[in-house]
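So the structure is just underneath, and the comments pick up after that.
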Amino acid sequence: MNDWLGGIRNKVETKEWWKILKAKVRGHIQYYGVSENYASTAKFYKITVQLTHKWLNRRSQKKKMSWEKFAHYLECYPLPKPKIVHNLYTGSSVL
């Protein structure tokens, strides 16, 4: 995720790569969101949010985006939250 964010941040506008970021996070959660794996998906989500904040702040010499502003940005343009998608014990999907 770090390499991808670093590579795309200046190539296209944020609103365009944000859609791709959401799809990447959603795909990761859907693939790895199985019983007993919530902690790993939550850790992936947390690291992704931290890396996204880092790379958004490295776009230019302009004033940095604080964590408070970034949290507000995430409220307006949320990323998929970690969850258990597939219950391996019952064989069902929780979608």
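Miscellaneous remarks
- The gain in end-to-end length when the residue 11 to residue 58 segment is fully stretched comes to 15.6 nm, 0.36 nm per residue minus the alpha carbon separation.
- Cα pair distances exceeding 22 angstrom across the chain, given as percent: 33
- Rounded to the nearest 20, the size of the Cβ-charge dipole of the chain about its Cα centre is 480 debye, with Lys and Arg at +1 and Asp and Glu at -1.
- Rel. contact order, % - alpha carbon contacts under 8 angstrom, at least six apart, the chain: 38
- Each residue in 72, 53 was given a count of other beta-carbon atoms within 10 angstrom of its own, and listing them fewest first yields 72, 53.
- By the helix-only formula, in which each DSSP H run with n ≥ 4 contributes -39500 (n - 2.57) and the sum is divided by residues, the chain has a 222 nm mean residue ellipticity of -19000 deg cm²/dmol.
- Legend: ranking of residues 4, 55 from fewest to most surrounding C-beta atoms inside 10 Å; resulting order 4, 55.
- Between amide H atoms placed 1.01 Å from N, distances below 5 Å from residue 86 occur with 34, 35, 94, all of them 5 or more places distant or on a separate chain.
Read-outs throughout are calculated quantities, based only on the coordinates presented, and are distinct from any laboratory measurement. None of these values were measured; they are calculated from a predicted model. A quick note on method: Cβ atoms are made from the backbone with ideal geometry, for glycine too, and the neighbour counts reach across all protein chains shown.
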